[in-house]
Amino acid sequence: MEKVNISGKICHIIINGTDLPTIYRGEMKDSSETIEKVLALCEDVKCNYIIYETEDWNADFSPWEFTLNKKMSFSGGGRKTLDRLMNDCVPYCEKKYGLTGKRILCGYSLAGLFSLWAFYESQAFDGVISCSGSLWFGNWISYAESHIAPQNSSVYLSLGDREEKAHDRIMATVGDCTRRQYELVCGDKNVSRHILEWNGGGHFNEPEKRIAKGIKWMIKGDENDQI
């Protein structure tokens, strides 16, 4: 795995073939253990990985400002993150490594929400993997209802079956919001493949396995191996 500084931001890069699909996945700084676990689970998957780091999770992956409660707020730095991704990271990697395959966004939790938003907003990716996405985020469903996916794209959504049991009343809406998001995906003529996969447990239950399941479904199709 190559560690590259692109416009002041660290990316971890694995290239297995120029014409293979490339996974663009957002991660918190110093998440090497998580990265390695996902890669180990996906060792039989033929794709490239561009894992871009962020230093402020709540700011960098929130598409707009939102206050959840007195202890947690989001400043809406997602636009800057998307601009860096589209103006710096993607062009740099495609030019340096000669990448010509499909572009796939991937993220977990708030990064899952960001990936879905960037998928709609940029119209520049062929698929999105949103695992346990924070779709309870303020006004998300209104946004999704007014946007369509890129043409001939694939969407993978997943959620833990206990995530809607959260103590916070807003976070507890994640089940209904995810179901509604999947309804929108099913009704979107631009989406050619889609799935909503339910996993056992709460939000923090085996996130690496959930990410790996999403990557396998996206790249390997319906012959997804059991993990």
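From the list 6, 14, 23, 104, pick out the single residue that is open to solvent by less than 20 Å² (accessible area, probe 1.4 Å), among the β-branched types (Val, Ile, Thr) and more than 26 Å from residue 143 (Cα to Cα).
Numbers: 14 fails: open to solvent by less than 20 Å² (accessible area, probe 1.4 Å); 23 fails: more than 26 Å from residue 143 (Cα to Cα); 104 fails: more than 26 Å from residue 143 (Cα to Cα).
The match here is 6.
Please pick out the residue among 153, 146, 192, 142 that is polar (S, T, N, Q) and open to solvent by less than 50 Å² (accessible area, probe 1.4 Å). Spell out how you get there, then give the answer.
Details: 146 fails: open to solvent by less than 50 Å² (accessible area, probe 1.4 Å); 192 fails: open to solvent by less than 50 Å² (accessible area, probe 1.4 Å); 142 fails: open to solvent by less than 50 Å² (accessible area, probe 1.4 Å).
Within the list 153, 146, 192, 142, the selection yields 153.
Can you find a residue in segment 68-82 that is assigned to a helix (DSSP H, G or I), in contact with a helix residue (DSSP H, G or I) (Cβ under 9 Å, 6 or more places away or on another chain), of a type in the set (Phe, Trp, Tyr) and farther than 18 Å from residue 154 by Cβ?
So in segment 68-82, the residues assigned to a helix (DSSP H, G or I) come out as 78-82.
Of the ones still in play, those that are also in contact with a helix residue (DSSP H, G or I) (Cβ under 9 Å, 6 or more places away or on another chain) are 78-82.
Now restrict to residues that are of a type in the set (Phe, Trp, Tyr): none.
The answer is no, given that none of the residues of segment 68-82 is assigned to a helix (DSSP H, G or I), in contact with a helix residue (DSSP H, G or I) (Cβ under 9 Å, 6 or more places away or on another chain), of a type in the set (Phe, Trp, Tyr) and farther than 18 Å from residue 154 by Cβ.
Does segment 174-188 contain any residue that is open to solvent by 70 Å² or more (accessible area, probe 1.4 Å), of a type outside the set (A, V, I, L, M, F, W, C), within 30 Å of residue 100 (Cβ to Cβ) and touching a residue at least 40 places away in the same chain (Cβ under 8 Å)? First the steps, then the outcome.
From segment 174-188, those open to solvent by 70 Å² or more (accessible area, probe 1.4 Å) are 176, 179-180, 183; that's our starting set.
Adding the requirement that they be of a type outside the set (A, V, I, L, M, F, W, C) leaves 176, 179-180, 183.
Filter once more, keeping what is within 30 Å of residue 100 (Cβ to Cβ): none.
No, because not a single residue in segment 174-188 is open to solvent by 70 Å² or more (accessible area, probe 1.4 Å), of a type outside the set (A, V, I, L, M, F, W, C), within 30 Å of residue 100 (Cβ to Cβ) and touching a residue at least 40 places away in the same chain (Cβ under 8 Å).
Looking at segment 2-25, which of its residues are part of a loop (DSSP other than H, G, I, E, B) and in contact (Cβ under 8 Å) with a residue 24 or more places away in the chain?
Our first condition is that a residue be part of a loop (DSSP other than H, G, I, E, B); within segment 2-25, this holds for 7-8, 15-21.
7, 15, 16, 17, 18, 19, 20, 21, listed by residue number.
Given the criteria under 19 Å from the mean Cα position of the chain (by Cα), open to solvent by less than 10 Å² (accessible area, probe 1.4 Å), at pLDDT 95 or above and not small (Gly, Ala, Ser), does residue 41 qualify? Give the steps one after another, and end with the answer.
Details: under 19 Å from the mean Cα position of the chain (by Cα): yes; open to solvent by less than 10 Å² (accessible area, probe 1.4 Å): no; at pLDDT 95 or above: yes; not small (Gly, Ala, Ser): yes.
So residue 41 does not fit the description; no.
In segment 54-64, which residue that is outside any helix (DSSP H, G or I), at pLDDT 95 or above and not polar (S, T, N, Q) is surrounded by the fewest Cβ atoms within 10 Å (Cβ to Cβ)?
Residue satisfying both the conditions and the ranking: 56.
The values are calculated or read from the model by the stated rules, or taken from the named source; none is laboratory data. Since this is a predicted model, take the numbers as computed values, not measurements. Please note: Cβ atoms are built from the backbone with ideal geometry, for glycine as well, and neighbour counts cover all protein chains shown. Calculation scope for accessible area: heavy atoms of the full protein, side chains included, ligands and nucleic acids excluded. Shrake-Rupley method; radii C 1.70, N 1.55, O 1.52, S 1.80 Å.
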